[in-house]
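The values are calculated or read from the model by the stated rules, or taken from the named source; none is laboratory data. Keep in mind it's a predicted model, so treat the numbers as computed, not measured. A quick note on method: Cβ atoms are made from the backbone with ideal geometry, for glycine too, and the neighbour counts reach across all protein chains shown. Keep in mind that these areas ignore ligands, DNA and RNA; they rest on the heavy atoms of the full protein, side chains included. Shrake-Rupley method; radii C 1.70, N 1.55, O 1.52, S 1.80 Å.
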Amino acid sequence: MTNDALSFAAIISEWGKPADFARALGQDDGGDLARKWRRRDSIPQEWWPAVIDAARRDGKPVDAERLLRAQRNAVSRKSGDSVGDAPVIESPDPERPASGYDASSLEALDAQAQSVKAVFNQAGFVPVEPPTMQPADIFLNRSGEDIRQRTYVFQDPGGEEWCLRPDLTIPTCRMYLERDPEGHSEAKLCYNGPAYRYQPPSAGKPVEFLQAGVEHIGGASTPEADAEIVAIAIDAIQSAGLKSFGTTLGDLGLFGALVDKLDLPQSWRGRLKRHIWRPAYFDEILTRLTDAESMPVTPNTNQALLAALDVMEPERARDVVQDVLALAGISAVGGRTVTEISERFLEQAAGAASAELSRETADAIRAFLAISAPCTTAVDEIAHVAKAAGVSLDDELESIARRIDVICGKGVNRSDITFDADFGRKEEYYTGFVFELRVEALGASRQVAGGGRYDGLLKSLGSPRNVPAVGCAIRTERLLAAVGLEARS
């Protein structure tokens with residue numbers, strides 16, 4: 001930042017731990033993003049207003065004037081203006097107001113929805129309206145930990161557990177299976193409606209928000225099909241008037257390929273892939289496998305049970321744990337299902353007799369997940385990490401490069417695309433390609449659209465086989481705010 005050099009790691013440390021800093025900013029990723037910022041000693045500029053607000057609210061000694069001055073200079077250098085003359089960017093409120101919408105806001109949202117739905121219809125997608133109330137276990141068993149902890153769950157008078165839909169992808173897939181339980185047909189479905197997620201009061205985000213999206217179910221699982229969904233999302237937000245945005249790509253299948261090729265016991269591969277969606281617990285597992293002595297040792301009153309489980313077949317061991325939990329009257333703990341609690345018991349049983357994971361292998365996994373770079377260099381960075389670990393991801397990277405080429409062929413500027421190996425860890429049903437379209441000026445609400453491939457979701461919902469599927473959702477309130485901000489700047 002030339003004359004405004006700042007130690008962002010020092011700013012983050014004012015809150016003690018990255019997780020505490022993340023909570024102060026209303027993040028729900030367990031502090032993973034803050035840890036990445038601290039390692040790089042860099043906080044993205046769009047987050048600076050939120051940092052200033054959090055510092056003022058929490059009484060932290062952050063030099064707000066210096067941070068604002070650095071922001072002005074950064075904006076000036078980007079626009080070519082004289083340093084010190086550019087105005088500070090102020091993020092609008094891109095979320096639903098707590099008091100609801102007035103007539104003019106409703107009119108603007110409706111006009112935008114018509115433009116977005118016209119793009120969906122032109123691409124051959126048919127509108128549907130899934131029920132707002134959904135069986136709770138559907139989401140508790142298939143969403144990432146972040147979503148599970150923010151899902152509104154309640155019991156009806158008959159004792160059945162329900163939830164308010166936290167997104168519309170799973171409800172739309174359930175509608176598809178009601179019409180075709182075997183999953184043989186191809187369907188292109190679209191929607192526009194509210195979803196619900198709990199937010200802590202400090203987050204300043206709404207518990208109700210609007211999503212418009214498409215789900216292509218039963219089509220081909222190819223880079224071209226993935227690129228088509230990205231193109232539809234881009235056409236939709238451009239039809240609403242948005243001109244400037246960035247694109248982030250990821251591929252969760254690439255992490256699975258890396259783990260499968262590393263020199264690991266099969267049980268460890270399964271554990272790492274199963275928990276990639278739980279960043280904090282994933283880090284704990286990696287540390288435990290690398291150096292058990294580094295983890296605090298606590299007395300385990302279940303040692304006898306763990307020893308017995310360790311010699312059982314996995315399915316039998318899982319049944320035993322679930323029977324024990326049922327006898328104890330335990331149905332769920334901390335948002336985790338009985339199945340997840342069972343998995344934790346089995347992992348403890350397996351971990352007790354496991355040898356340590358080499359630091360080189362653990363470092364390779366961490367180095368891979370830390371990669372976030374322009375797509376022009378990211379593929380080479382991933383290939384370098386894989387080569388250093390003694391494995392090849394050439395075939396997988398060739399597929400990613402082909403997908404990027406197809407997306408660029410749809411009109412996306414290659415220089416506007418970032419590949420992030422860590423991206424996509426919040427939705428457990430994604431199996432491969434993931435993406436987001438973002439407007440940095442919206443700060444913490446910068447994602448205006450996102451989606452990905454979920455070829456295994458339909459089978460988990462009752463289909464007898466995996467059904468190829470890919471889709472995306474647009475946060476329409478954020479899109480409206482981004483268009484308004486762009487028009488005013």
Whichever residue in the stretch 157-198 is touching a helix residue (DSSP H, G or I) at 6+ places or on another chain (Cβ under 8 Å) and among the aliphatic types (A, V, I, L, M) and, among such residues, is surrounded by the fewest Cβ atoms within 10 Å (Cβ to Cβ): Leu177
Residue among Ser489, Ser399 that is open to solvent by 30 Å² or more (accessible area, probe 1.4 Å) and closer than 26 Å to Trp48 by Cβ: Ser489
Residue check for Val439: within 21 Å of Ile276 (Cβ to Cβ) and of a type in the set (Val, Ile, Thr): no
Subset tally (residues that are in contact with a Gly (Cβ under 7 Å, 6 or more places away or on another chain) and modelled with pLDDT of 95 or more) for the stretch 438-451: 1
Hits in the stretch 186-201 - residues which are under 24 Å from the mean Cα position of the chain (by Cα), over 26 Å from Asp110 (Cβ atoms) and either basic (Lys, Arg) or assigned to a loop (DSSP other than H, G, I, E, B) (or both): Tyr198, Pro200
Inter-residue pairs, beta-carbon under 9 Å, first acidic (Asp, Glu) and in the stretch 263-286, second surrounded by fewer than 18 Cβ atoms within 10 Å (Cβ to Cβ), 6+ apart: Asp263/Ser358; Asp263/Gly390; Asp263/Val391; Asp283/Arg366; Glu284/Met295
Output for the stretch 253-279, where each listed residue is open to solvent by 20 Å² or more (accessible area, probe 1.4 Å) and under 19 Å from the mean Cα position of the chain (by Cα): Gly253, Lys273, Arg274, Trp277, Pro279
Strands (runs of 3 or more DSSP E) enclosed by the stretch 351-451 - at least 1 residues per element that are aliphatic (A, V, I, L, M) and closer than 30 Å to Ala24 by Cβ: 372-374, 433-438
In the stretch 254-281, residue farthest from Ala482 (Cα to Cα) [restricted to those that are in contact with a Lys or Arg (Cβ under 8 Å, 6 or more places away or on another chain) and not in a loop (DSSP other than H, G, I, E, B)]: Asp260
Residues of the stretch 452-471 satisfying the condition of being of a type in the set (D, E, K, R) and in a loop (DSSP other than H, G, I, E, B): Asp455, Arg465
Given (1) of a type outside the set (Asp, Glu); (2) outside any helix (DSSP H, G or I); (3) at pLDDT 95 or above, number of the condition Phe154 does not satisfy: (3)
Residue that is modelled with the lowest pLDDT, among those in the stretch 277-300 that are more than 17 Å from Leu264 (Cα to Cα) and among the hydroxyl-bearing types (Ser, Thr, Tyr): Thr298
Test: residue in the stretch 57-64 that is modelled with pLDDT of 75 or more, assigned to a helix (DSSP H, G or I), open to solvent by 60 Å² or more (accessible area, probe 1.4 Å) and within 30 Å of Leu189 (Cα to Cα): no
Tabulated pairs, the stretch 219-232, first touching a residue at least 24 places away in the same chain (Cβ under 8 Å), second part of a helix (DSSP H, G or I) and acidic (Asp, Glu), C-beta under 8 angstrom, 6+ apart or interchain: none
Residue that is least open to solvent (accessible area, probe 1.4 Å), among those in the stretch 133-151 that are assigned to a loop (DSSP other than H, G, I, E, B) and polar (S, T, N, Q): Ser143
Residue selected from the stretch 1-35 under the condition open to solvent by less than 20 Å² (accessible area, probe 1.4 Å), at pLDDT 70 or above and part of a loop (DSSP other than H, G, I, E, B), by the criterion nearest to Arg278 (Cα to Cα): Gly26
Some residue of the stretch 110-132 being open to solvent by 30 Å² or more (accessible area, probe 1.4 Å), out of contact with any Phe, Trp or Tyr (no Cβ under 9 Å at 6 or more places or on another chain) and at pLDDT below 90: no
Residue match in the stretch 225-236 (condition: among the aliphatic types (A, V, I, L, M), under 17 Å from Asp455 (Cα atoms) and not in a helix (DSSP H, G or I)): no
The one condition in (1) touching a Cys at 6+ places or on another chain (Cβ under 7 Å); (2) open to solvent by 20 Å² or more (accessible area, probe 1.4 Å) that Ala233 fails to fulfil: (2)
Pick from the stretch 36-55, criterion closer than 15 Å to Gly443 by Cα, assigned to a helix (DSSP H, G or I) and open to solvent by 30 Å² or more (accessible area, probe 1.4 Å), ranking: modelled with the highest pLDDT: Ala50
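Listed here are the residues, each with its yes/no results for (1) within 30 Å of Ile404 (Cα to Cα); (2) outside any loop (DSSP other than H, G, I, E, B); (3) without any contact (Cβ under 8 Å) to a residue 40 or more places away in the chain.
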{"residue": "Asp167", "(1), (2), (3)": "yes, no, no"}
{"residue": "Leu177", "(1), (2), (3)": "no, yes, no"}
{"residue": "Pro181", "(1), (2), (3)": "no, no, no"}
{"residue": "His184", "(1), (2), (3)": "yes, no, yes"}
{"residue": "Val214", "(1), (2), (3)": "yes, yes, no"}
Test: Ile407 is open to solvent by less than 20 Å² (accessible area, probe 1.4 Å) and modelled with pLDDT of 90 or more: no
